[in-house]
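What follows is a set of notes on a single structure, which appears directly below.
The values are calculated or read from the model by the stated rules, or taken from the named source; none is laboratory data. Quantities reported herein were computed from a predicted structural model and do not represent experimental measurements. Positions of Cβ are generated from backbone atoms using ideal geometry, with glycine treated the same way; all protein chains shown enter the neighbour counts.
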Amino acid sequence: MSGPAPRVPLLDVNRDNQPLRDEFVEALTAVVDSGRFLFGPDVTELENEIASYCQVENAVGCASGSDALLLALMALDLQPGDEVIVPSFTFFASVSCITRLGATPIFADICPDTFNIDPECIAAAITPNTKAIIPVHLFGQCAQIDRICQIANQHDIAVIEDAAQAIGAAYHSRPAGSWGAAGCFSFYPTKNLGAMGDAGMLTSRDAAMADRMRLIAGHGMRPRYYHQVVGINSRIDTFQAAVLRVKLRHLDDAITARTTIANRYMNLLEEAGLVGPDQIVLPTQDPNAFHVWNQFGIRIGEGRRDAMREFMGERGVGSEIYYPVPMHKQQCYEYLKIDGSTLPETERASQEILNLPIFPTLTETEQRQVVDTISSYYQSGARVAA
Ligand SMILES: *Cc1c(COP(=O)(O)O)cnc(C)c1O
């Protein structure tokens, strides 16, 4: 070996954006010249394009994925005392939307193979107070949304899909965000369809639901200065919509690139002899799911995850832990007094998961560096142990 190994970033947004630079400049210049920075034509066009992409009739732009979730629950008129079933192994926003409205999150455990919420745990958690279920399509793969909707229908409970990481994903060929009462999307820059700032979108097959979410996103105001309900101010601005329309044209190519990268990781890790219960457990693909690979999460057992991450970091290889602290263990949720004994897979996943670099322009050379670094970690570990 000679010289320091080059750095492999967890994510390189600039590299991904560079080929589209001229398209962005053109689209953004048109917004500057239009002077319509909110409610510009790009916003309506983006809503139509996202609705069509997700095969639903309605889409409503909003300020973020977090707001999309909050707006969906506000449209259901969620009240204190209501319960919402949600995974604890998720990003905070899947849960804060519930508690911000004074309602109670009921945490369901996850399936150990996909990291997604376990439908049987949902069924077991239903009570007369259950008002909604928020399945999260984690890392770009749909939860078992057919089964979840079936359970919800039996009990007349609404399903709100947290599809923040899953635009373009599908289950039984039906898109994420088209199954529940509403689908919630985030265009945070690291998502598969990333803006150059914050933005979000709601989808719904139900025109009345979509209309109510739009009303609430606009201060509950209709007509102007007459407020029907107490809403919030949550808009997608025209600049972000213009950027997103450019990126949406290239989204399927980006998903194809991510799929190639994910498959290559699996082959390289396998070839390197690193896959096995005492080493690395690869991510599992549900045969019914079309995975869009927002994240590539592997399991590192035997308490070695943190040491491996440090080893990789010292050698310039990026990685991340999504998510190190499940929601039921967050300080702000101590008041819920959840001991975690019913969430064993959630707690194990938070200790074992490691997310490797994945973005459309990540090269094969970089992927080999990632795998070589993991390989040398195990070799050095073996030496220490011997
Ligand atoms: C990113 C994300 C959100 C929140 O989206 P923002 O646009 O950042 O507010 C919600 N849920 C999940 C699962 C996410 O990954």
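Can you go through 152, 176, 170 and tell me which one is within 13 Å of the ligand (Cβ to nearest atom) and either in contact (Cβ under 8 Å) with a residue 12 or more places away in the chain or in the same structural domain as residue 52 (by TED's automatic domain parsing) (or both)? Talk me through it step by step, then tell me what you get.
Details: 152 fails: within 13 Å of the ligand (Cβ to nearest atom); 170 fails: within 13 Å of the ligand (Cβ to nearest atom).
Being within 13 Å of the ligand (Cβ to nearest atom) and either in contact (Cβ under 8 Å) with a residue 12 or more places away in the chain or in the same structural domain as residue 52 (by TED's automatic domain parsing) (or both) holds for just one of 152, 176, 170, which is 176.
How many of the residues making up segment 220-270 are of a type outside the set (Phe, Trp, Tyr), part of a loop (DSSP other than H, G, I, E, B) and within 30 Å of residue 78 (Cα to Cα)?
Taking segment 220-270 as the starting set, the residues that turn out to be of a type outside the set (Phe, Trp, Tyr) are 220-224, 227-238, 240-264, 266-270.
Filter once more, keeping what is part of a loop (DSSP other than H, G, I, E, B): 220, 222-224, 228-232, 234-236, 250.
Now restrict to residues that are within 30 Å of residue 78 (Cα to Cα): 220, 222-224, 228-232, 234-236.
Total satisfying the criteria: 12.
Regarding residue 347, is this residue in a loop (DSSP other than H, G, I, E, B) and either modelled with pLDDT of 95 or more or of a type outside the set (Ser, Thr, Tyr) (or both)?
Working: in a loop (DSSP other than H, G, I, E, B): no; either modelled with pLDDT of 95 or more or of a type outside the set (Ser, Thr, Tyr) (or both): yes.
So residue 347 fails the test.
Please enumerate the residues belonging to segment 51-63 that are within 15 Å of the ligand (Cβ to nearest atom) and surrounded by fewer than 23 Cβ atoms within 10 Å (Cβ to Cβ).
Here is the first cut: in segment 51-63, the residues within 15 Å of the ligand (Cβ to nearest atom) are 60-63.
Listed by number, the list holds a single entry, 63.
State whether the residues of segment 182-195 include one that is away from the ligand (no atom under 12 Å from the Cβ) and surrounded by fewer than 24 Cβ atoms within 10 Å (Cβ to Cβ).
no
Yes/no matrix, rows are residues, columns are (1) acidic (Asp, Glu); (2) surrounded by fewer than 21 Cβ atoms within 10 Å (Cβ to Cβ):
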position	(1), (2)
294	no, no
302	yes, yes
309	no, yes
318	no, yes
325	no, yes
328	no, no
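Which number in (1) touching a residue at least 24 places away in the same chain (Cβ under 8 Å); (2) outside the structural domain of residue 360 (by TED's automatic domain parsing); (3) assigned to a helix (DSSP H, G or I) marks the one condition that residue 190 misses?
Checking residue 190 against (1) touching a residue at least 24 places away in the same chain (Cβ under 8 Å); (2) outside the structural domain of residue 360 (by TED's automatic domain parsing); (3) assigned to a helix (DSSP H, G or I), the one that fails is (3).
Which condition does residue 312 not pass, out of (1) closer than 20 Å to residue 112 by Cα; (2) in a helix (DSSP H, G or I); (3) hydrophobic (A, V, I, L, M, F, W, C); (4) touching a Ser or Thr at 6+ places or on another chain (Cβ under 7 Å), if it passes all the others?
Among (1) closer than 20 Å to residue 112 by Cα; (2) in a helix (DSSP H, G or I); (3) hydrophobic (A, V, I, L, M, F, W, C); (4) touching a Ser or Thr at 6+ places or on another chain (Cβ under 7 Å), the lone unmet condition for residue 312 is (1).
Within segment 196-220, can you find the residues that are within 16 Å of the ligand (Cβ to nearest atom) and surrounded by 17 or more Cβ atoms within 10 Å (Cβ to Cβ)? Don't jump to the end; show me each part of the working.
Of the residues in segment 196-220, the ones within 16 Å of the ligand (Cβ to nearest atom) are 196-203, 213, 217.
Listed by number, the residues that qualify are 196, 198, 199, 200, 201, 202, 203, 213, 217.
What number goes with the only condition from (1) under 13 Å from residue 54 (Cβ atoms); (2) surrounded by 24 or more Cβ atoms within 10 Å (Cβ to Cβ) that residue 175 does not pass?
(2) is the only condition that residue 175 fails.
Being within 16 Å of the ligand (Cβ to nearest atom), closer than 20 Å to residue 251 by Cβ and in a helix (DSSP H, G or I) narrows it down to one residue among 28, 73, 46, 69; which is it? Can you show your working first?
Numbers: 28 fails: within 16 Å of the ligand (Cβ to nearest atom); 73 fails: closer than 20 Å to residue 251 by Cβ; 69 fails: closer than 20 Å to residue 251 by Cβ.
Going through 28, 73, 46, 69 in turn, the sole match is 46.
Could you run through segment 361-386 and say how many residues are under 27 Å from the mean Cα position of the chain (by Cα), surrounded by fewer than 20 Cβ atoms within 10 Å (Cβ to Cβ) and not in a helix (DSSP H, G or I)?
2
Considering each of 42, 77, 109 in turn, give the residue that is over 28 Å from residue 340 (Cβ atoms), acidic (Asp, Glu) and surrounded by 15 or more Cβ atoms within 10 Å (Cβ to Cβ). It would help to see each step written out before you state the result.
Working: 77 fails: surrounded by 15 or more Cβ atoms within 10 Å (Cβ to Cβ); 109 fails: over 28 Å from residue 340 (Cβ atoms).
Exactly one residue qualifies, and that residue is 42.
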